[in-house]
Each structure stands twice: as C-alpha cells, then as structure tokens.
Number of protein chains: 4
Amino acid sequence: MLIVMKPDAAASDIQRVLEVIETLGFRGHAMPGENRTAIGVTGNSGSIDPAHFENMDGVAEAIRVTKPYKLISKDLRPERSAVKVGTATIGGKDLAIIAGPCAVESHEQLFSAAEVIAASGAKFFRGGAYKPRTSPYAFQGLGVEGLRMLAEVRDTYGLNIVTEAMDEHGVDAIERYGDCIQIGARNMQNFSLLKYAGKTRKPVLLKRGLSATLDELLLAAEYIMAEGNYDVILCERGIRTFGNHARNTLDLSVVPAVHRITHLPIIVDPSHGTGHNYMVTPLARAGVAVGADGLIIEVHPKPDEALCDGSQALTPIQYGELVAQVNELFTLIKQPSVIEATVS
Amino acid sequence: MLIVMKPDAAASDIQRVLEVIETLGFRGHAMPGENRTAIGVTGNSGSIDPAHFENMDGVAEAIRVTKPYKLISKDLRPERSAVKVGTATIGGKDLAIIAGPCAVESHEQLFSAAEVIAASGAKFFRGGAYKPRTSPYAFQGLGVEGLRMLAEVRDTYGLNIVTEAMDEHGVDAIERYGDCIQIGARNMQNFSLLKYAGKTRKPVLLKRGLSATLDELLLAAEYIMAEGNYDVILCERGIRTFGNHARNTLDLSVVPAVHRITHLPIIVDPSHGTGHNYMVTPLARAGVAVGADGLIIEVHPKPDEALCDGSQALTPIQYGELVAQVNELFTLIKQPSVIEATVS
Amino acid sequence: MLIVMKPDAAASDIQRVLEVIETLGFRGHAMPGENRTAIGVTGNSGSIDPAHFENMDGVAEAIRVTKPYKLISKDLRPERSAVKVGTATIGGKDLAIIAGPCAVESHEQLFSAAEVIAASGAKFFRGGAYKPRTSPYAFQGLGVEGLRMLAEVRDTYGLNIVTEAMDEHGVDAIERYGDCIQIGARNMQNFSLLKYAGKTRKPVLLKRGLSATLDELLLAAEYIMAEGNYDVILCERGIRTFGNHARNTLDLSVVPAVHRITHLPIIVDPSHGTGHNYMVTPLARAGVAVGADGLIIEVHPKPDEALCDGSQALTPIQYGELVAQVNELFTLIKQPSVIEATVS
Amino acid sequence: MLIVMKPDAAASDIQRVLEVIETLGFRGHAMPGENRTAIGVTGNSGSIDPAHFENMDGVAEAIRVTKPYKLISKDLRPERSAVKVGTATIGGKDLAIIAGPCAVESHEQLFSAAEVIAASGAKFFRGGAYKPRTSPYAFQGLGVEGLRMLAEVRDTYGLNIVTEAMDEHGVDAIERYGDCIQIGARNMQNFSLLKYAGKTRKPVLLKRGLSATLDELLLAAEYIMAEGNYDVILCERGIRTFGNHARNTLDLSVVPAVHRITHLPIIVDPSHGTGHNYMVTPLARAGVAVGADGLIIEVHPKPDEALCDGSQALTPIQYGELVAQVNELFTLIKQPSVIEATVS
C-alpha cells in the first residue's frame, strides 16, 4: 500500500500514520517529496485495508498495490495449464471448439445439431438444460430431462458435454450427466455457487460477468481453486457498455491480459458477445487471432424457431464455414514465428 | 413488435414476413411509407422473439415494444405499496432508515452500533452474517452465529433485522432469525435464489445489480413475486461506470422512473453507492430529495477498525447528523405542494 | 510515482530502475517487502511518465500518484470561489438558477420564456444560438441573429445571458453579446477552444463531457485558467452509461468530490442529465440537496413545439413549482448545522 | 416513428395523437392490440421529434425508427468505397498500414521511424504536430515546424502523411503540408471542425469518440460529407468502459456493423485501443481478422524516451513482426471462400 499525505499534512499526522501501520504489524517508509510526503507500507500487505488510513488527518489517498490472488497466478505456475474436459483438453495445442444450441429443446433438435458439430471435428457440445432468463415468463429449460438427452448425445457422438449450473442442485446433476460445469455471467460472483463447484471434481467453465473487471474474474476463479478444484477455464463473453450496435461489447484485450497474469486457459464466446448472427464469424476469427484457446458457438438447426437467443445462432452451414476459417487461422497463429512474438 | 423493412425490400419479402407473423398466431399491419414499409405486430406480443424476423430477407430491424412485466406494474396496482418488515413498514408515510455495520463482527460492536441506531429513531438494523467478498481470502462473515447476535439485537432494541442471504441455506436461516432477506447486487440475477426467496413469507430487499438496467431490476422483482411473495423493496446502490472518484455511480434518476412504472417502494444506499465516508451524507440528502422511500446506511462504532468496507462507514456522530438532516428534508418533501408536483 | 517490481525481479533490475529515475532528475526510494520491492519516486513528479518504466525488466506496474492540476486546487485557494456573471454571482450565498429554452427559436418564444424566468427570481437566462446537433440535418441554431435577441432579453429583463460557443467565432460573438460562454459536453476536451476561451475575460460555464472522469473535467478547467481566465463554473450534466431509463446518468457524487478538491463552483443540469420532463424536478431537488451551487434548467413556453430537446423542457408552470421547491430546500441546506456536517 | 399508447388510453387520446400527426404533415396508422394500441407514423419521418408526443395524454412511448443518415449509407452506394490518400488508397484490395510515432519530436526521431516504416512496405506515415493532451502542462506538439518535418518525410520516403488537426488553423496547415486530416476521438463531435474539414479536399480520418455510439460516429461522418467532402475513413480506437486492464476497450464488433451499414472504409487503432505495448500485436491481428481495412500503429525508435504515449509504442523490431503477421492474416482473410462467408 502507498499512503499519500496532503501537502499541508503536519509532522504529527505523518507520525500518527506510521504508528497505525506498526500497530497493524506492517512497516512504514516515509518518503518526503517536494510538495508532500508519501508513505510506503510493506509486509504481507494482502490483508491491509485502505480504510484504516483514508479518514485520518493529513491523508490524501491510500492506494492498494499488491494483487490478492495466489493460485491463478503465473508466479505459482509459469507454464500454461491445459484443462482436461472428458476425453479432450482445453488450453493445449489444439483450438477447442464448443458448439451447440442455446437451450436443449427436443431430442430431434439436439441430435440434428450434434451431428453437424461432430462432423465439424469439434470435441465439445454445449446446450442449456437450466436457462437463466431475464423474465420469469420465458422458457426456463428442460432440467434433468435435458441433461439426460445431453448424456445421450455424448454416448452417440463422443462429444464432451458443457452445460450450465445455476445452483447446487444443478451442479450435482451435471456432475452425474455432464463433463464440464458452466457458470454463467450472471453468477460469476455468486460466491456460494463458486465454492460449491470448487468442491466437485468436474472442470468449470467460468464466464466473465457483464461488468466484471479482470481482477474480479480472476478472483472468482480463485474462489473455485481455493476449494481444491484447479480445472478452471475462463471465458470472455462480452461486457455491458453504452454501445448499442451489438448486444454486448466483446472485450478481446482481456485475452492477452489473462495470458500475462494467469496460467489458466481462456476461450471466447462471439455468440453472446455480439448477439447478432452476422457478427459471430468475424468475431470468432478475431478471437482466434488474438490468441484465445478456444471458442464457444451457438448453432441451431433452425435458428428462427429457437426457443432462446435465435438471433445469434448460426445455421449448420454458417457454422461449417466458421470452423473452416478459424482452423486455418489457428494454424497460422500457432506457427513458431507468431508465437514467439506473441508470448511476452 | 415493429418490423422495419429495408428500402429495397421486395413485395414478396413483405408478404413472407406477414405470413410468418400469422403462423405464429399474431396479426401483422403493413404500413407503407415514403422510403420503406414498417409492419406492426399485434396480439399477445409478450412471447414473440425478434429473432424470428431479424435474419429474413428484406428486414432491417425488429423492435420489441411491449414490456414483459406484470405483477410489479402500476397497471395492476395503481397505488404505491407499503411493505411490512417486522413491526414497521417501508414505503409508507415515514422515511425508512436501515442502519448498521457492514458485517457482524462481535457482540460488542453490534450492540454499540444498535444503541446509537435505536436512539436515532430508525426502525431497521442491518448487518451481514454472510458476506459476499471479491476475494476468497477476505473475511466471509460469522454465519449463523452472526444471525443469532442479530436476533439478540432485535430482542433488546426492538429493531427489525435486514440481512443478506447468499444461497438457500442463508434464506432458511434468515427466515428463522431475521425480518427481511436482502439479496445483494451480485445476486440480482441469481434466478434460483430469487425463486427460492419468492417461496418464503419474509419480505425481500432486492439490490440493483452493478450493471442492471431498470427492466432487469423490475424483472428480478417479478421473479420473486411470481412465486407468491409480493413483499419486495427495491434498492439503488450505485452502478458501475468509467467514473473513478466514487466506488460506484449512484443513479438517482432510477427513483422517479421506478415510481412511474411500479407500485413497489425503493430505497437508496449512499454507503455502497459512493464508497467514501465524506460523500454519504450529501448523497443521503439527495436520495431523500429525489423521492426515495428510505435509506440504508453503514454505521460502525469504530470505522477504522472495521473488517469490511470501513472507508464508507459513518461514525455514530456523523450518523446522528445525517438522520437529523434527512428527517428535516423528508418533512419538507412530503408537504402537499411538493408531492403534487412530484407524482406525475 | 510508485513503481512495483515483480516478485522475481533481479537486484540488477531494481538497480536499473533507480538509475533511470536519477537520470530523469528524480529521487528513488527502494522499499523491499516480503514478496516484492516497491520503489517510490519523489521530486516534481508532475512531469514523469509511467511509460518510462512499464516495459523495463522486472517492473510489474508504474502508478502515477501526484495529481497534475494546480490552479483549480484548494491547495492554492482554500476558500470557495464565487464567479461573477454579469450583474450576479455563481457560487456565493445564493442558489444560482439559469433557465431558458434549449435553442433560441423566435422573438416571441424567447420573450415569453424570459418573462416567466425573470418573474421566478432567477438571475440567469440560457438559450442556444449555436446548437451542437448529432445530425447535420437537424436545426443548427439562429447564430448571431439569435445572440442579438438574447442581448435584447438582457436589456428588457435584466437577466444575465449564458450561451454556448462551439468555436472561436462563437466565442468572439458571445464576448460581444453575452455574459457567460458555455462550453458544451461534446467540446469539453476541445483544447483549442478551451485555450481560446481562456484568453477572453468572460466567465466560462464548462460542462462535463459524456465520458469525462473528474480529473479530466478539472484539467479542462485548468486549460482555461492557465490562459489567465480564472472565472470558471463547472457543470454536471449526466454521463453516458449502459442505463436506458434516462438519456444520461446524472452523477451527483461529483458535487462533493469537486468541493473537496477545487475552489470552483459547480452547478447541476437535470434537464440534459435525465432527458425526461417528469424527472427534471426530482433531480433538481437532489442536485440542491447534494450541495450544488446552482441549477441550469430548460424551460419552453410550448415544449411540444420546441425545435430541440422538447421532451425534457419544463412548461412555465412546472418551472415555477421547481423554483419554489428548490428555494425551500436550499434554505434548509444552508442552515449552519447542515453546512458544518457537509463541508468535510 | 412508432407511438405506443398506454393500456388505459382513451379513444380520444388516440384521436388527438392522430390529429397531431396529421398537423405535422405525416400519416398515422392506428393498430389496436390485445392490451393497447400502437400508432405507426409514416411520411418523411427523418424530421419528426418524439418530444411532440411523449408528454401527451395516454402516450406510453414514442420510438424513433428511421435512421437519419443519407450519404454514408449503402442504400445510396452499395459497393464499398476506396479512399485515395496521397498516392495510395484505404479501403481497396490491400491492407492499409499507417504507422509512426505518437508525436513529432525531432528530425532524428522522425526519420529513424520513417525508415523502418517505409522498409516494412507501409504506405502511410502518422505523427502528431498538434497534440490533444489531457493536461495543459504536457507537451503540446511542435506545430507547423512539425508539419514541415512530416512533409520532408514524404519527400524522402514516399510515405503519405496522416496527421491530426485540432482546429481550423490546423486544418489549413495540414491541407498545405499533409495528405490526410485526422480528427481525433475528443473532437469527433466538434461539429464546427467537422464542417470545416468537410470544405477541404483532403481525405479525413475520423476517429470514434470515447463514448460515441455507432450512429453518432456515422452522423459525424455525415457532417463532413454533407459539406461536399466524401473521402472519409472511419477508425475504431477503443471506447471508455469500466474495464481497467487496458486503457480503452477496443470494440471490434463495430467493424462488421460498419460494413453492413455504410460504404466507408474502417481501420483499427490497437495502440490507443489498448494502451499497452504487449497488447498491440494480438489486437492488430484481431482487427485484421475481423475484417478491418487497415491499421494505425504507434512506432517509436526508443519508446521509453517518447514524449507522449510511450507505453503503447512498439519498437521497430516489434513493429516488423506485427507487419509480417498481419500481412499473412490478411492474405488468408481475403481468400474468396472467406470473403463470401463474411460479406453478408
């Protein structure tokens, strides 16, 4: 922590701040400047609160410096993690593609989508059995029945199942039927759910909240890992801004920032990230180009009949084109010359 | 819904849109204009998705018009609701003041705060037993032990207890020990928790999420009410913006907007809304002046020793001054001449 | 500035940073901590750029600490400034009310509004002769002809004229015809215009930009003052956020923050700040309650015929009610007991 | 426009709205629904203001439908425009790369950068002679002397000069010395400057404002074009959000949105868009992958000695790697199979 004193702070004000620092078990370093004095605080500063100083006489500002995360940090594990999800991995040498409809609607819809997705070479299938909907009157998902259908998809096509849990019951059910527990943007700071998912042994796909800073996303992952589950995959799915040409603002700069701080893999969701069918493929390309470890894409056999988020779902044909494009791009990006320049 | 066709849309495009509208059980009204045709859709348009039209040939835009809420609406209940919380009400003729520390820390801290708050004439006491903290390594609250202390405060001082639940277990415990279940900003769209709270018979204080639109806040209330619990109090506690002089941006314009659409009461939280001790009293005054039904204020006997959010807590003396000021203001605001000009 | 080294920074990395600090003419203070070293930089740190350090080996972060403003600061002038505008002042003991139509449209419209405003006791009249409009095809204002009409209003009613300049020609014209040069939100960082206005001897009303931080607003004022014009009045008029129930989000927390840092007065614009007629009066009350030095209000004799921003303009009757309410509130706020608790 | 009536609107309210529509010279189409009536308005709705209706009895909402732009629109010119800048074009078959230092500092710095940039195959050189700086005490640029140096760069290396104008004097000087007038983010809605630039015959590079919606960006371009200058290039340079891991949030979804609405070319600025050296190359790749017509990149021979924005400038070596990568990507993106899937 750094405490900046006001220009007119008295020597006794500075003395009092130094005393409080010592009382709290830290060490203070007064640095007199031209106009004002700053006081550096050292020790295990993870647990000191700026509040102790902000309202003291003569204090202008107290600035927190040390970041509070541990397990997610590259300081702990310098090489990038690859997370095993069922029979495949996310974060390794291959581009992970997770595809499927927004919601599980029917056996026919699901198998029709799964056939296309398996044929594309993707190894992960998505589909919601529990749907977080803004309105209580909108379709809320098929629940356990939907999960059973997803398990059938796995058995038939060998695809690994990624599906969302909204509460403890959902986590339990997905532990039984699925391969990866998705925690959605609206639950990114549902700390009880994070802790509960941290106690399972299934990997967790953690989506960034609509207004979550990078630190908050990383600390949400830290919540899961602190319970003993180290298999966390991060996901950028767009943040909320004033912009209105897309449903959200896909923040691709978070990808290199994540790779600089943490060993965890990160994927990009251009479907929720834009909300418009015609933007999905360009932003999927951009996600791969920026260095993401994978993509999560909404595909529906008949988007205009979808019970949820139809306007952003790709048709099977559009999806096939997307896969072809991003695979070519990924090959290019993974050339040694590009990697060297990218990994800083 | 309104569907706007492109200037170069063919007559057959328009015909096809009209057919889809009919297939879906609605009625289409084509309105040819100078440059382009617009098509109005009538019927019970609550359940129609713009996605059905957005990717059709010739369609420029599909705009949703009808709002999807029912129970929160003044259309349903024109007069304002007063919600009973323990022995007092929020939303009635009096200004409701909920005060107390951020977290329950100890018996001494709690009773020291409660004495001041009871003396001020406030009827509601706040204090967190379960704390949603950004970091898993920060103080997480005393749990049921904290709730028991809060129940003691009620028994001793006659204050009604408002405290946060983060999951179903918390809801169950608060039903037993508390008077009002608070759902925090980070859980505003934790739909499982909303439904669960909707099944209890305790009133719910629902805080606006950091990036929640007004519609989303109202639909979160609708989730609770749809389960049969009509006792919901809304709370503005600041939104997340680019601004950095305060911890959040307190959005007071939401107060008249809420009063225009819904019969539910709304209170303002200037403590979390600003995050700085010196801003709390001015913004509390502003909250009352804009027409809020109450305030929720953090008070700590010794803010600089608080285990959480100390920099925004008021000292007992500051709190006493705040109460004196807002009571005077509320009296002024409630004069018939002011009310007439305010309630539109 | 504070430079935070990485945990694995070598002693030679630290040494190199200290050398660069000295080369630049400053003094470095190394503070070894448990996990990492921080280096404080003192001297006249206003002119040092974090960029010098950010990409050096072993550096985790470089954090700017000293604020770069001078003339606006209370360090320079501890008591609050009152700015003379024509025959009256803004920032003194009285609540300043500036009222009038969005745009000057006609002689009849102007005089009809001015009569109401003069009768209300307000001392300032607003009205745009040059209008910044999002579309080039919207009404752009009457120009110098409009300014001449405004001068007539002053001569007839004794109201002081506040009107917007969009460029140097506008500044010249307002110097001749008006009493106060308004610089609009979209020009808050039009630095050429700020410098030009800084060379006149008319006071400047500087509106906060739609996405301006407090620091940026204060530095925009500093631009004007650095040219020798110390008569600057700040104005909060709403910022741009994701919120959609109001046209902008009026950020009232900026008022106490401004009063804490600078001696300059600040007024609030609830008309542009909300964009809706029914919100103007509640937010005007909130602006006064939070401690603003004045208000700027749009009033139109016939809002539904206004050529610009009609949906936010008050009718003469609504305006009269607003003035009555805010005057009562201001009297209450200015009582010594309230002032003492407010000014921290 | 669409006017939505309240559920309890009287028949006479509807009648009155229809009358006002006719009085204004438009045609109203009442569409009775299950719960409420909506009224469509046709005619040249570009010039009708929702304000006329919003405060009428029985009206719930008035929604503007028609977009107010004309010259930028693909309705007017369906094929994409290529803009000639000096001896080369932006928006054609090649990827346009504009590179150079943030500010012109010295002859040596400029020529050192230009040599690298010319060698890379880029055809455009950037460098600011007039610098918009947040603080009046920061380096403000070399002015006309800087422009003369830029002209020398052109004469020596054959690079076309892109440089920023902050006011009319700057526009005049750039018309004489430069090839393309840049209008910066902070001046995007400086309408006087837009009009003035519209009267020159040099192309204009228009940067998106920090909080500008897509519509506002397009209308700013429309301002320039309405004066007769059709050579406008748009530039995404990051928007302001709550995010703090990058200086701005680069909004790449605007690229496909721009290509869908307008024929104008759009380039991406990953330097200002991120503010961090290590993010520039990944985001440059993403910009090309999403379909941008070009990039603008800050390069400095010695970034840690730069007088402005050093932390985001690339070294010559980093810049060389970036160019190699984006050229490969662009070749891939421009394959017919990709283009077909992209252009919707």
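Numerical summary
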read-out: Residue ID - farthest from the chain's Cα centre (by Cα), chosen from residues in the stretch D:210-261 that are within 9 Å of chain C (Cβ to nearest Cβ) and acidic (Asp, Glu); value: D:GLU227
read-out: Residue count, the stretch A:22-65 (criterion: of a type in the set (Asp, Glu), farther than 20 Å from B:ASP309 by Cα and modelled with pLDDT of 80 or more); value: 1
read-out: Scope the stretch D:285-314; condition more than 9 Å from every other protein chain (Cβ to nearest Cβ) and of a type outside the set (Asp, Glu); matching residues; value: D:ALA292, D:GLY294, D:LEU295, D:ILE296, D:ILE297, D:VAL299, D:HIS300, D:PRO301, D:LYS302, D:LEU314
read-out: Contacts under 8 angstrom Cβ, first residue in the stretch B:317-328 being not assigned by TED's automatic domain parsing to the domain that holds B:ALA119, partner part of a helix (DSSP H, G or I), 6 or more apart; value: none
read-out: Wholly within the stretch B:197-279, helices (runs of 4 or more DSSP H) carrying at least 1 residues that are aliphatic (A, V, I, L, M) and assigned by TED's automatic domain parsing to the domain that holds B:ILE183; value: B:214-226, B:254-261
read-out: Matching residues, the stretch B:77-91, being over 11 Å from B:VAL232 (Cα atoms), in contact (Cβ under 8 Å) with a residue 40 or more places away in the chain and out of contact with any Asp or Glu (no Cβ under 6 Å at 6 or more places or on another chain); value: B:ARG77, B:PRO78, B:GLU79, B:ARG80, B:THR87, B:ALA88
read-out: Residue in the stretch B:280-287 that is hydroxyl-bearing (Ser, Thr, Tyr), more than 30 Å from C:THR213 (Cβ to Cβ) and crowded, with 21+ Cβ neighbours inside 10 Å present; value: no
read-out: Per-region count, the stretch C:118-137, residues away from chain D (no Cβ under 14 Å) and either buried (at least 24 other Cβ atoms within 10 Å of the Cβ) or among the small types (Gly, Ala, Ser) (or both); value: 9
read-out: Positions within the stretch C:298-332 being in contact with a helix residue (DSSP H, G or I) (Cβ under 7 Å, 6 or more places away or on another chain) and among the aliphatic types (A, V, I, L, M), in sequence order; value: C:VAL299, C:ALA306, C:ALA313, C:LEU314, C:LEU322, C:VAL326, C:LEU329, C:LEU332
read-out: Odd one out for B:GLU321 among (1) over 22 Å from the mean Cα position of the chain (by Cα); (2) within 14 Å of chain A (Cβ to nearest Cβ); value: (2)
read-out: Residue under evaluation D:LYS199, criteria (1) within 14 Å of another protein chain (Cβ to nearest Cβ); (2) out of contact with any Asp or Glu (no Cβ under 9 Å at 6 or more places or on another chain); (3) surrounded by fewer than 24 Cβ atoms within 10 Å (Cβ to Cβ), criterion not met; value: (2)
read-out: Whichever residue in the stretch D:101-117 is buried (at least 18 other Cβ atoms within 10 Å of the Cβ) and without any contact (Cβ under 8 Å) to a residue 60 or more places away in the chain and, among such residues, is nearest to the chain's Cα centre (by Cα); value: D:VAL104
read-out: Every pair of residues 6+ apart whose Cβ atoms lie under 6 Å, when the first sits in the stretch C:1-12 and is touching a residue at least 12 places away in the same chain (Cβ under 8 Å) and among the basic types (Lys, Arg) while the second is surrounded by fewer than 23 Cβ atoms within 10 Å (Cβ to Cβ) and not in a strand (DSSP E or B); value: C:LYS6/C:GLY58
read-out: Residues of the stretch A:180-194 satisfying the condition of being in contact with a strand residue (DSSP E or B) (Cβ under 9 Å, 6 or more places away or on another chain) and under 15 Å from A:GLU222 (Cβ atoms); value: A:ILE183, A:MET188, A:ASN190, A:LEU193, A:LEU194
read-out: Options A:HIS300, A:HIS263, A:HIS259, A:HIS276: the member that is touching a Pro at 6+ places or on another chain (Cβ under 6 Å) and in contact (Cβ under 8 Å) with a residue 12 or more places away in the chain; value: A:HIS300
read-out: Residue within the stretch A:286-297 that is of a type in the set (D, E, K, R), under 28 Å from A:LYS334 (Cβ atoms) and in the same structural domain as A:ARG208 (by TED's automatic domain parsing) present; value: yes
read-out: Selection from the stretch B:45-59 of residues that are surrounded by fewer than 18 Cβ atoms within 10 Å (Cβ to Cβ) and in contact with a Lys or Arg (Cβ under 8 Å, 6 or more places away or on another chain); value: B:PRO50, B:MET56, B:ASP57
read-out: C:ILE3, sole failed condition from (1) modelled with pLDDT of 85 or more; (2) part of a helix (DSSP H, G or I); (3) within 12 Å of chain A (Cβ to nearest Cβ); value: (2)
read-out: Residue identified as more than 30 Å from A:GLU54 (Cβ to Cβ), hydroxyl-bearing (Ser, Thr, Tyr) and crowded, with 24+ Cβ neighbours inside 10 Å among C:THR274, C:THR262; value: C:THR274
read-out: Residue count for the stretch C:147-170, restricted to those that are assigned to a helix (DSSP H, G or I) and of a type in the set (Asp, Glu); value: 3
read-out: Some residue of the stretch B:69-79 being of a type in the set (Phe, Trp, Tyr) and either farther than 25 Å from B:PRO203 by Cα or away from chain A (no Cβ under 14 Å) (or both); value: no
read-out: Selected residue [within 22 Å of D:THR274 (Cβ to Cβ) and touching a Cys at 6+ places or on another chain (Cβ under 8 Å)] from A:VAL268, A:VAL288, A:VAL255; value: A:VAL268
read-out: Hits in the stretch D:171-193 (condition: more than 8 Å from chain C (Cβ to nearest Cβ) and either in a helix (DSSP H, G or I) or more than 18 Å from D:CYS235 (Cα to Cα) (or both)); value: D:VAL171, D:ASP172, D:ALA173, D:ILE174, D:GLU175, D:ARG176, D:TYR177, D:GLY178, D:ALA185
read-out: The stretch C:143-154, residues that are surrounded by fewer than 21 Cβ atoms within 10 Å (Cβ to Cβ) and within 30 Å of D:LYS67 (Cβ to Cβ); value: C:GLY143
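The values are calculated or read from the model by the stated rules, or taken from the named source; none is laboratory data. All of these numbers come straight from a predicted model, not from anything done at the bench. In this analysis, Cβ positions are derived from the backbone assuming ideal geometry, glycine residues included, and neighbour counts consider all displayed protein chains.
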